[in-house]
Amino acid sequence: MDTTTHHGFAALFAQLGLPDSPAGIQAFIREHRPLPQTLNLSEAPFWNASQVAFLREQWHQDDGDWVGQIDQLNVALREHTAPGDLAQVGDVPKR
């Protein structure tokens, strides 16, 4: 039985204490990309200590509820296209 919780991309931004509207998500990604391939997501200089702890904790859990969304954020921050062109960013459902 699958007991994991499936969170949306906007919910990850809310969990991280970031603006979680489609425009807020796009602005965050536009401001912080492209993240170098040699840098782990949790090592990026724009996170605060609690955000780093959350990202690391969730990423290293075998059944972390947020792994899919963290991976999606990781990919989005490494893309070189405009944020509006990314399906996962442009199709963020409203909460």
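Odds and ends about this structure:
- Count of region 30-49 residues which are out of contact with any Leu (no Cβ under 8 Å at 6 or more places or on another chain), within 16 Å of Phe13 (Cβ to Cβ) and assigned to a loop (DSSP other than H, G, I, E, B): 2
- Residues of region 32-54 that turn out to be without any contact (Cβ under 8 Å) to a residue 24 or more places away in the chain and in contact with a Phe, Trp or Tyr (Cβ under 8 Å, 6 or more places away or on another chain), as a count: 1
- Apart from one condition, Gln37 fits all of (1) loosely packed, with under 14 Cβ neighbours inside 10 Å; (2) closer than 18 Å to Val75 by Cα; (3) modelled with pLDDT of 95 or more; the exception is (3).
The values are calculated or read from the model by the stated rules, or taken from the named source; none is laboratory data. These figures come from a predicted structure and were not determined experimentally. Cβ coordinates were reconstructed from backbone atoms using ideal geometry, including for glycine residues, and neighbour counts include every protein chain displayed.
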